[in-house]
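The values are calculated or read from the model by the stated rules, or taken from the named source; none is laboratory data. Nothing here was measured: the structure is a model prediction, and the numbers come from that model. Neighbour counts run over all protein chains shown; Cβ positions are idealised from the backbone, glycine included. Heads up: the accessible areas ignore ligands, DNA and RNA and are worked out on the full protein's heavy atoms, side chains in. Shrake-Rupley method; radii C 1.70, N 1.55, O 1.52, S 1.80 Å.
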Amino acid sequence: MTNASVPRVATASVTAPIGVFDSGVGGLSVLRHIRAQLPHEHLLYFADSGFAPYGDKPESVVAERSLAVAGFLVANGAKALVVACNTATVAAIKVLRAHYPDMPLVGVEPGLKPAAAATRNGKVGVLATKVTIAGAKFLLLRDQISAASTAQFLLQGCPGLVDQIELGDLGSAQIRTLLERYVVPLLDQGADTLVLGCTHYPFVLATLGQVIAAATSRDIVLIDTGDAVARQLARLLGAAGLLNQGNAAGAVPDLSRAAAGATGAESAAGSHVAVTAAGMGAAPTLQGYTSASATALSLAFANLLGIDAPVREVVI
């Protein structure tokens, strides 16, 4: 790719929003950490539920879709991007960074390093989508950390689990059955640490705890990297001079174009929405977008995060 073909992002305002996306509602587990650590930031969240799950699709398809969603968020004024999906990170993080070389961009990867530090017997179970655990980026990370720590990583793909979590009944019998199918064999192999390698999985911690308690009396450490993602985002925004401290005048996105829905062509072209002047310390906003049901995403915001945020259905 030549430099001329790489989309350039216009100079961002400190009060421009952060774009966060996932194949569905799983990325809300990352969004809650971002909201907690960066309370003054305006946020855009895209749930690509109409294209979910990413985990059963080829990497090339996920990469192409991730570029389209990222382009939509950039077209709607995002100053930074968070790929709040392990599968999309594996498939698309390199190409996203090539397209947006000047933009703070954070991906999500399974917490193998903290798991290697936490394990007491050297056996770590990794729960993730099939695409994640088959990805070259993930396997390289596994090999590097294994060599450095002597930790043994037991990989477990979890087909069907994301689909069930997306349905919203987090305590369902179907979810428990799937967790038993995927988790118990890891415990039987001696794993004393489990990595939640998909951003959807933290939302079923209650059921996961029940499955673990029924299978073993051992203490099992669970690793969730949402907090680390938020910290890395804060570091990158600070380094770029884009951290919103909540006490400076600036610009926030005018969502009038978003209401009409930016087209895929507009996203690909890297066009930008207009901005309007904001007052000192403008209250942070959260705008949701989805490629499926606005009602479903609204319910997810309410049920999983306890918030009421505007949501729009878009086609990209």
Between Leu139 and Ala215, the two model label points (7 Å from Cα along the beta-carbon direction) sit apart by a distance in nm of 2.5 nm
Leaving out same-chain residues fewer than 8 places away, which aspartates and glutamates sit with a Cα under 15 Å from that of Lys79? Glu41, Asp102, Asp254
Spatially proximal lysines relative to Lys57 (Cα-Cα < 26 Å; intrachain offsets below 8 disregarded): Lys94, Lys130, Lys137
At what distance in nm do the modelled label points of Ala292 and Gln152 sit from each other, each positioned 7 Å from its Cα along Cα→Cβ? 3.8 nm
Two-decimal ratio, the stretch 97-238, of alpha-carbon radius of gyration to 2.2 N^0.38 Å: 1.09
At 7 Å along the Cα-to-beta-carbon direction for both Asp56 and Ala98, put a label point, then send me their distance in nm to one decimal. 2.9 nm
Taking Cα pairs under 8 Å and at least six residues apart, what relative contact order does the chain come out at, in percent? 27 percent
Dividing the alpha-carbon radius of gyration of the chain by 2.2 N^0.38 Å, where N counts its residues, gives 0.99
In degrees, nearest 10, range 0 to 90: what is the angle between the Cα axis of helix 173-188 and the longest Cα principal axis of the chain? 60 degrees
With the 1.4 Å probe rolled over protein heavy atoms, the chain has an accessible area per residue in Å² of 41 Å²
Which residues does a label at Asn121 reach in the stretch 189-213, if reach means a backbone N under 12 Å from a point 7 Å past the Cα toward the Cβ? 189-193
Relative contact order of the stretch 1-157 (C-alpha contacts under 8 Å, at least 6 apart) in percent is 24 percent
So for the stretch 97-158, using the alpha carbon gyration tensor with a ≥ b ≥ c as root eigenvalues (a/c under 1.5 gives rounded; past that, a/b versus b/c decides prolate or oblate), I'd call it prolate
For the stretch 60-140, what does the relative contact order come out to in percent, with C-alpha contacts under 8 Å and a separation of six or more? 31 percent
